[in-house]
Amino acid sequence: MAKAMKTLDELLVHELQDLYDAEHQLTKALPKMAKAATSRQLSNAFEAHLSQTEQHIQRLEQAFEALGKKATRKPCKAMKGLIAEGEETMEEEMDKDVMDAALIGAAQKVEHYEIAGYGTVCTFAEMTGNSRVATILNETLEEEKHADEKLTQIAQKVNTKAM
């Protein structure tokens, strides 16, 4: 059984471990999504986000270091589930444009999870006086929001074709 968390500092580290695992899982899923996409723009967006995800992992490592903690992963069941849903989608038989629309939906679910996670840890870092950590994490939060916006822009074209 895990040790009981008694402080917001401990919860911050716990949530960082969850995000650290989530980002690692995502580095394995994004290449599959890029390959499954037929829209060049969508495929490129997945590939670009893979590069960003690798930077997110590095930032998380910086956050752990700033907190004096070792960067460790706690299995993120939510990301595992979101990725499993995305994999199920890729196995379905669909028109190529419908598949792209489904992939965007799956990716946006992931982005929304990450936005919630990074928003939470930014708040925890600020409240615990870890402003350097909050600054590091906020950069990732803004990138996740931008990725979601980019997916929405691509969806406007893809969804029209899928109709």
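Points to keep in mind about this one:
- Only DSSP H runs of four or more residues enter the estimate; each adds -39500 (n - 2.57), and after division by the residues of the chain the mean residue ellipticity at 222 nm equals -29500 deg cm²/dmol.
- Computed over every Cα-Cα pair of the stretch 9-162 and binned at 5 Å starting from 0, the pair-distance distribution P(r) comes out as 2, 10, 20, 22, 17, 12, 9, 5, 3, 1, 0 percent.
- Karplus (6.51, -1.76, 1.60) ³J(HN,Hα), θ = phi - 60°, over the stretch 59-76, in Hz, Gly and Pro reported as x: 5, 4, 4, 5, 5, 4, 4, 4, 8, x, 10, 7, 6, 10, 9, 10, x, 8
- Residues K77 and K3, FRET efficiency given R0 of 25 Å [Cβ-Cβ distance, rounded to 0.05]: 0.85
- Around the Cα centre of the chain, unit charges on the Cβ atoms of Lys, Arg, Asp and Glu (plus for the first two, minus for the last two) sum to a dipole of about 320 debye.
Bear in mind that the values in this text are calculations on the coordinates, not laboratory data. Note that the coordinates shown come from a computational prediction; the quantities given were computed from them, not determined experimentally. With ideal geometry, Cβ positions are generated from the backbone for all residues, glycine too; neighbour counts draw on all protein chains shown.
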